[in-house]
Amino acid sequence: MSVFSNKSDGSGAGSGAKGFREAKGNLSLDSVTKQFGDFTAVDDLSLEVPRGSFFALLGPSGCGKTTTLRMVAGLEQPSRGRIRIGDTDLTGSRPYERPVNTVFQSYALFPHLTIVDNVAFGPKRRGAKDAAKLAADALELVQMTHLAARKPSQLSGGQQQRVAVARALVNRPEVLLLDEPLGALDLKLRRQMQVELKRIQTEVGLTFIHVTHDQEEAMTMADTVAVMNLGRIEQLGHPEVLYDLPKTTFVANFLGQSNLGTGQVTGTDGDNLVVEVAGTTVRIPKERSTVSDGAITFGVRPEKVRISDTQPEGAGNDVKAKVVDVSFTGVATQFLVTTPSGATWGVYEQNLDVARNHLRPGDDVWLEWDSGHAFGVPVDDAGAAAGAAAADEDAAQPVAAS
Ligand SMILES: Nc1ncnc2c1ncn2[C@@H]1O[C@H](COP(=O)(O)OP(=O)(O)O)[C@@H](O)[C@H]1O
Ligand SMILES: [Mg+2]
C-alpha cells in the first residue's frame, strides 16, 4: 500500500520508501542489453529521451522495440545496463514502483466495468480520494466523456483506444509508453488518432515513447525518431534530419525510398567528394558523407531527381537511363528507370504543369540532381536489402499503406 499511495496524484510526495513518483527528468538508457538465452534482442542500447518530448522507436518487426519498452516499464529486466529517469535509477525496480504506464495495442480494458470505472480503477486501487474527478478529467482529455457509462464492448476500436490512453494518463505517469497503439485501427482512424495523440501529448506535456513499424507514423508524430534494426539504434534524430541525411543504407531504404549506387571515392573537388559509380562521376558534399575514402554507397532521394529527354546542361550530376514504368498518382508522377549499371531508380515528379507528361516506358532519358542533395553512407548491401524489405512489408500492411 505504501508504494501505491506513493503513486497517487502527487499528494503522496515524500511518503513511501522508494519515492519513485518523484523521479522526474529525462529518461535515459545506458548500454542496455537484453538477452534471451543466446539471443540478443536488445544490443548495448543507449539513448536519452528529453522530458516532455514525443519520441518514436521505429523499426521492423522483431528488432527489439517491445523488449526495450518492457524494460522501461519494468516488465523485463535488462541483462546489462541501467535505466534512469532524471537522477533516479529504476533498474531492478518493479513495474508499479515506476512512474511509467503502458498503452498496449490490445487495449486490455476490463469488459465488466463501465468506461469511467475502467479509467478510475488505477486511482481507486491506490486509494486516491478524488478518483472520480481524475477519471472524469482523463476522459475529457480524450473526448470520451459522453460515453463514460458504456461498457467496452459497446465502443468502436478507436473509442476503446482512447479509453486505454485515458486509463494510462489518469495515473499521471512521468513517461507514457505506447506499443503500436494504433495497429488495430483502419487507415483513416489511424491517421485521426495520430493527430489526436499528438494533441494529447502537447496538452499534458508528458514524455511519450511511441513504438511503431510505420515510418510515416513515426515521422508525422515524433519530435525525435530512433530507427532500430537488429536490437540496435541505427540513427536517431529529428524526422526531417533523418530523412534528409541518412547515415546507413538501412535507414536510407527504411525511412522513405532512396536511389543508391555503390562506387569508389576517387578524389575531392573543393567541398565535395568525387565518386565513381558504375562509370559515372558524381559529387557528394563531404559534410553529407560518413565515408571519406574507398568504397562508398552514393544516395539521392527520388523527389530530388529531375528527369528529362535531353541532356541537362551544367556540371556533372547526371546519368543516362531508360524509362521502365510511369505511374500517374494525381499530385505526382512516379517513374521507374534503369541506369546503365542495371540499377532501378525511382523519380518522383510533382505535377506542376497542366501539360500531360509525354515520357513512356522504353524512352531514353537523363536524370539530374543537385549535388547538395546527394549523401554518402558505408557500403552495406545487407542493410540496404533489409531496409527495403522492411519498408515493403510495412507498405503491404493495409493499416500502414498510404
Ligand atoms: N521472452 C522472450 N524469449 C525469447 N525471445 C524473445 C522474448 N521476447 C522477445 N524475444 C525475441 O526478441 C526479438 C525482439 O522482440 P520484440 O522486442 O518483441 O520485437 P519488436 O517489438 O520490435 O517486434 C524477437 O526476435 C523476439 O522473438
Ligand atoms: Mg513489438
Karplus-derived 3J(HN,Hα), 6.51/-1.76/1.60, for each residue of segment 266-279, Hz, glycine and proline x: 10, x, 10, 9, x, 8, 10, 8, 9, 10, 9, 10, 6, x
With the label point 7 Å along the Cα-to-beta-carbon line of LYS320 and a cut-off under 16 Å to each amide N, the hits in segment 344-373 are 362-368
Show me, for segment 280-296, the HN-Hα J-couplings you get by feeding each phi into the Karplus relation (A = 6.51, B = -1.76, C = 1.60, θ = phi - 60°), rounded to Hz, glycine and proline as x. 10, 9, 10, 10, 10, x, 3, 6, 10, 10, 8, 10, 10, 7, x, 5, 8
Cα to Cα, under 30 Å, and not fewer than 8 places away if on the same chain: which lysines meet these conditions relative to LYS188? LYS65, LYS151, LYS198, LYS304
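Would you order THR224, THR268 from fewest to most other beta-carbon atoms within 10 Å of each residue's own beta-carbon?
THR268, THR224
Could you work out the percent of alpha carbon pairs in segment 263-378 separated by over 22 Å, rounded to a whole number?
On the way: 2277 of 6670 pairs.
More than 22 Å apart: 34 percent of the Cα pairs in segment 263-378.
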Sort 46-54, 168-176 by packing, meaning the average of other beta carbons within 10 Å per residue, with the highest value first. 168-176, 46-54
Can you tell me the FRET efficiency between ALA278 and ARG356 if r is taken as the Cβ-Cβ distance and R0 is 56 Å, rounded to the nearest 0.05? 0.95
Please give the calculated 222 nm ellipticity per residue for the chain, where each DSSP H segment of at least 4 residues contributes -39500 (n - 2.57) and the sum is spread over every residue; nearest 500 deg cm²/dmol? -7500 deg cm²/dmol
Here the residues of segment 97-130 lying in the modelled label zone of GLN77, meaning backbone nitrogen under 16 Å from a point 7 Å along Cα-to-Cβ, are 97-98
Share of Cα-Cα pairs in the chain beyond 26 Å, whole percent, is 60 percent
Apply the Karplus parameterisation 6.51 cos²θ - 1.76 cosθ + 1.60, with θ equal to phi minus 60°, to every residue of segment 222-227 and state each ³J(HN,Hα) to the nearest whole Hz, in sequence, with x for glycine and proline. 8, 6, 9, 10, 10, 8
Once the dipole of segment 2-239 is set up from charges on Cβ (+1 Lys and Arg, -1 Asp and Glu), the residue from the list LEU197, LEU45, ALA120 lying farthest towards its positive end is ALA120
Roughly how many whole Å is it from the C-alpha centroid of segment 242-315 to that of segment 150-189? 42 Å
Percentage, to the nearest whole number, of Cα pairs in segment 2-239 over 23 Å apart: 48 percent
What FRET efficiency comes out for the pair ALA132/ASP87, r = Cβ-Cβ distance, R0 = 45 Å, nearest 0.05? 0.85
Exposure-ranked with fewest Cβ neighbours within 10 Å first, HIS146, HIS373, HIS213, HIS238 stand as HIS146, HIS238, HIS373, HIS213
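None of the figures in this text is laboratory data; all of them are computed from the coordinates on show. Since the model is a prediction, treat every value here as computed from it, not as a measurement. Ideal geometry is used to build each Cβ from the backbone, glycine not excepted, and the neighbour counts take in all protein chains shown.
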